[in-house]
Amino acid sequence: MVFVQCAEPADRRVERSVYALGTRCTVSLFYTAPLPFDPDAVFEAVSDRLQTIEQVMSANRADSQLSAINNAAGKNPVAVAPALFSLIKKSIGFAHKTDSAFNPAIGALVKLWGIGFKNEQLPAADAIQAASALTDWKTVRLNSSDTSVFLPIAGMELDLGGIAKGYAADEIAKILRSMGVERAIINIGGTVIVLGKKNRTQLWKIGIKDPRRHDGGAVLSAALSNAAFVTSGSYERFFEQDGKRYHHILDATTGYPAVSDLVSVTIIGENGADADALATACFVLGKKKSLALLKTLPQINAVFIDAHNTAYITDGLKNRITVLEPPFRIQVLE
Ligand code: ADP
Ligand code: MG
């Protein structure tokens, strides 16, 4: 047995998981004794916030405020909580910025395909066309004076599944900071925020999975502090029918799962909501258009993995990415 004498005081961790927003949410808090916060109070505040976000923003709960907007499509505007109004506004901003690749008005198509739900199926071509016609986010009417939202055409539906987990991670980060937590990992179904550093000398190391390996093993690792880390890929949720694979990131312009030259996109940025929306958008846009988009967003970094074991990384990640599995190659994007 070897005893290592450590100059640093022992590092401790408390961790809790809850199921919310359709996924497992884990929050890990790190500290050196004595405990600088009350873990039970922190976890309770986190869990309450996740429940509220789900109650307000879920497209899969009939009683959510988002569903109230959807149910009133073609009829009347619905006044909603300012937080939901702001997230819808932000989502529409991303639809603008991404040339509609990120589309929060994609709900009718998401419901039709039902990917990840019991009714998942390859829909009939005319049903796909009809649902695609209900995804024009430019028609969504936002009224900031009473934070109301109006979908002008019956059948239109908002879906925040591409941004809500990032938003939730941001909200949890705020709670943790306000309660005295300095170092933490927040993981909302793979949408990750790290707070602080691992310790005085080391950054957090977050693994990026091989999209095609089912054991979930990491092939790359990114060294980060105070960052949001979000991966979108065609392997996360899908079904197979007649030997073809249909995944859950849809292209509203075709009505079908997005055909991308990338198998996964990881976005690293300062906040979770932006990183989440951009990860979904870049997957739809593919490598070339994503690069053009990222040129306009200097604070955002990315790792694009293609089907040939190449990981393209933005310049800002040059000294932060380690290859864990030899067949993977890294290429720095210009
Ligand atoms: P994950 O849910 O696996 O983290 P994403 O953040 O990429 O992945 O979000 C995918 C979810 O977003 C889908 O399940 C659906 O609810 C919604 N969605 C699908 N396609 C789009 C799109 N083009 N733009 C915005 N949201 C989308
Ligand atoms: Mg997303």
Fill in the blank from the handout: About its Cα centre, the chain carries a charge dipole, from +1 on Lys and Arg Cβ atoms and -1 on Asp and Glu Cβ atoms, whose size in debye to the nearest 20 is 520
Completion exercise
In this structure, the FRET efficiency calculated for residue 212 and residue 96 from their beta-carbon separation, with R0 = 35 Å, to the nearest 0.05, is 0.55
Fill in the blank from the handout: With 0.36 nm assigned to each residue of separation and the Cα-Cα distance removed, residue 138 to residue 205 gains 20.1 nm
Practice task
Work out the charge dipole of the chain with +1 on the Cβ of Lys and Arg and -1 on the Cβ of Asp and Glu about the Cα centre, then indicate which of 55, 193, 313 is farthest towards its positive end.
Solution key: 313
Handout entry: Estimated vicinal HN-Hα couplings, Hz - region 132-141 in sequence order (Karplus 6.51, -1.76, 1.60; Gly, Pro = x)
Key = 4, 5, 9, 10, 7, 5, 5, 8, 5, 9
Practice task
Quick one: which residues, 5 or more positions from residue 183 or on another chain, have an amide H under 5 Å from its amide H? H modelled 1.01 Å from N in the peptide plane, none for Pro or chain starts.
Solution key: 30
Practice task
Divide by every residue of the chain the summed helix terms, -39500 (n - 2.57) for each DSSP H run of at least 4, and state the resulting mean residue ellipticity at 222 nm, rounded to the nearest 500 deg cm²/dmol.
Solution key: -9000 deg cm²/dmol
Handout entry: Euclidean distance between Cα centres, region 210-263 to region 52-112, Å
Key = 23
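Could you tell me the calculated FRET efficiency between residue 81 and residue 13, based on Cβ-Cβ distance and R0 = 35 angstrom, to the nearest 0.05? Intermediate results must be reported in sequence, preceding the final value.
Working: r = 34 Å, r/R0 = 0.96.
Calculated transfer efficiency: 0.55.
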Handout entry: Calculated on alpha-carbon atoms, Rg and Dmax of the chain in Å
Key = 20.5, 72
Handout entry: Estimated vicinal HN-Hα couplings, Hz - region 302-319 in sequence order (Karplus 6.51, -1.76, 1.60; Gly, Pro = x)
Key = 8, 10, 9, 10, 9, 6, 10, 6, 9, 10, 8, 10, 6, 3, x, 9, 3, 9
Problem - Amide hydrogen neighbours beyond the local backbone of residue 220, cut-off 5 Å, H modeled - result: 208, 324
Problem - Amide H contacts under 5 Å for residue 106, placed H, 5+ residues apart - result: 159
Problem - For 306, 11, order by how many other beta-carbon atoms lie within 10 Å, fewest first - result: 11, 306
Handout entry: Residue with peak Gaussian network fluctuation, the chain [Cα springs, cutoff 10 Å], from 29, 297, 262
Key = 297
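Distance check, please: which entries in 205/288; 118/174; 97/287; 118/287 exceed 24 angstrom between their Cα atoms?
Working: 205/288 28 Å; 118/174 35 Å; 97/287 16 Å; 118/287 32 Å.
The answer is 205/288; 118/174; 118/287.
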Completion exercise
Exposure-ranked with fewest Cβ neighbours within 10 Å first, 248, 308, 96 stand as 308, 96, 248
Completion exercise
Counting as exposed only trypsin sites (Lys or Arg not before Pro) in DSSP loop states with no more than 14 other Cβ atoms inside 10 Å, the longest exposed-site-free span of the chain is 214-317
Problem - region 137-243: C-alpha gyration tensor shape, a/c 1.5 cut-off, then a/b vs b/c - result: oblate
Fill in the blank from the handout: Computed ³J(HN,Hα) along region 34-51: with the Karplus parameters 6.51/-1.76/1.60, θ = phi - 60°, integer Hz and x for glycine or proline, the list is x, 4, x, 8, 9, x, 5, 5, 5, 5, 5, 5, 5, 5, 4, 5, 4, 4
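Can you put 282, 25 in order, fewest other beta carbons within 10 Å first?
Values: 282 28, 25 22.
In increasing order of surrounding Cβ atoms, one gets 25, 282.
Please report, largest first and rounded to whole Å, the three semi-axes of the ellipsoid equivalent to region 78-125, where each semi-axis is the square root of five times an eigenvalue of the C-alpha gyration tensor. Each step should come with its number before you reach the end.
Values: eigenvalues 130, 47, 13 Å².
Equivalent-ellipsoid dimensions as semi-axes: 26, 15, 8 Å.
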Practice task
Taking a cut-off of 20 Å between Cα atoms, list the aspartates and glutamates near residue 75, but don't count ones fewer than 8 places away on the same chain.
Solution key: 63, 136, 146, 157, 159
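Readers should treat all values here as calculations from the given coordinates under stated rules, not as data from a laboratory. Nothing here was measured: the structure is a model prediction, and the numbers come from that model. Glycine also receives a Cβ, built like all others from the backbone with ideal geometry; neighbour counts cover every protein chain displayed.
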